[in-house]
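The values are calculated or read from the model by the stated rules, or taken from the named source; none is laboratory data. Not measured: the values here are computed from a predicted model. Note that each Cβ is placed from the backbone with ideal geometry, even for glycine, and that neighbours are counted across all protein chains shown.
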């Protein structure tokens with residue numbers, strides 16, 4: 001009996017040991033299966049697993065800035081930031097001499113039309129009839145203010161030599177870029193304030209608040225109109241350059257270079273002869289102008305001459321009679 005009990009106890013012990021072995025084997029194999037899939041994605045992404053947060057990290061995300069690859073810009077596309085265009089006002093003053101005044105005026109207007117400009121203002125000094133009557137040049141002149149597109153400004157300046165001699169020409173420019181964009185920014189801010197004031201007026205609860213908002217809105221709109229007017233004026237000046245032209249009629253062009261001594265001597269002698277000729281010419285013309293007056297004076301003298309002679313004879317006879325009457329008494 002004791003022997004049977006020992007066998008039964010041995011069998012129970014073996015059964016218990018085999019049950020414990022089966023229970024431990026599944027836990028170990030499950031842990032290994034859970035770890036294997038975790039390692040494969042980490043190796044595939046080149047990362048690692050944070051055991052504290054159980055999250056996957058990409059090592060390339062933590063690379064240094066100089067090591068990180070930078071995308072290259074597409075071909076034909078600039079990587080520089082866009083810049084606002086400059087606002088430059090171009091203007092000029094030009095003096096032109098011509099010996100054919102009427103023809104020069106026609107050519108000047110044709111030049112302006114050729115380059116897409118227009119005449120802003122013009123004035124022409126009339127003919128000098130006194131000089132024309134003496135055969136001299138009339139010395140007429142004209143003043144123009146021209147407006148031409150800025151991109152054709154230099155072309156028109158180079159074409160003025162077609163009208164005659166250009167003894168003086170001066171171009172100048174004014175860069176208003178900073179002022180322009182400052183005013184533009186102020187205009188944007190004012191429009192934003194206008195929108196906010198309109199929203200506040202819709203929510204105003206008292207008449208007093210509404211009046212204050214309307215006053216503020218009126219002042220703000222006045223500022224907006226002033227800023228808009230300034231920008232429009234600048235846009236017009238930037239788009240169309242201004243050129244002041246003074247056109248003069250002359251007999252001889254002004255020399256731009258100083259001539260030599262003998263040339264100056266020859267020109268001085270020639271000018272002296274011309275001055276002498278002009279003097280006698282003026283004298284003869286002056287006598288011609290006085291001729292009618294001289295004729296009238298001569299006629300009057302001829303008519304009055306007999307009476308003058310008769311009056312002188314009567315005075316002489318009276319004087320002689322007076323002297324003869326006084327002689328016997330003495």
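Residue check, residue 169 against (1) over 19 Å from residue 237 (Cα atoms); (2) exposed (fewer than 11 other Cβ atoms within 10 Å of the Cβ), all met but one. Which one?
Residue 169 satisfies all of (1) over 19 Å from residue 237 (Cα atoms); (2) exposed (fewer than 11 other Cβ atoms within 10 Å of the Cβ) except (2).
Only one residue in 268, 313, 324 is assigned to a helix (DSSP H, G or I), modelled with pLDDT of 80 or more and more than 30 Å from residue 152 (Cα to Cα), so which one is that?
Step by step, each of 268, 313, 324 is checked, and only 313 is assigned to a helix (DSSP H, G or I), modelled with pLDDT of 80 or more and more than 30 Å from residue 152 (Cα to Cα).
Please go through segment 118-140 and give me each residue that is within 16 Å of residue 102 (Cβ to Cβ), surrounded by 14 or more Cβ atoms within 10 Å (Cβ to Cβ) and either touching a helix residue (DSSP H, G or I) at 6+ places or on another chain (Cβ under 8 Å) or at pLDDT 90 or above (or both), ordered by number.
Of everything in segment 118-140, those that are within 16 Å of residue 102 (Cβ to Cβ), surrounded by 14 or more Cβ atoms within 10 Å (Cβ to Cβ) and either touching a helix residue (DSSP H, G or I) at 6+ places or on another chain (Cβ under 8 Å) or at pLDDT 90 or above (or both) turn out to be 122, 137, 138, 139, 140.
Does any residue of segment 210-229 turn out to be loosely packed, with under 14 Cβ neighbours inside 10 Å and in contact (Cβ under 8 Å) with a residue 60 or more places away in the chain?
So far as segment 210-229 goes, no, none of its residues is loosely packed, with under 14 Cβ neighbours inside 10 Å and in contact (Cβ under 8 Å) with a residue 60 or more places away in the chain.
Please work out if residue 155 is closer than 30 Å to residue 277 by Cα and either under 23 Å from the mean Cα position of the chain (by Cα) or at pLDDT 90 or above (or both).
no
Taking only segment 239-265 into account, find how many residues are in a helix (DSSP H, G or I) and at pLDDT below 75.
Number satisfying all stated conditions: 4.
Taking the stated definitions as given, is residue 150 out of contact with any strand residue (DSSP E or B) (no Cβ under 7 Å at 6 or more places or on another chain) and surrounded by 13 or more Cβ atoms within 10 Å (Cβ to Cβ)?
Judged against the criteria, residue 150 is not a match.
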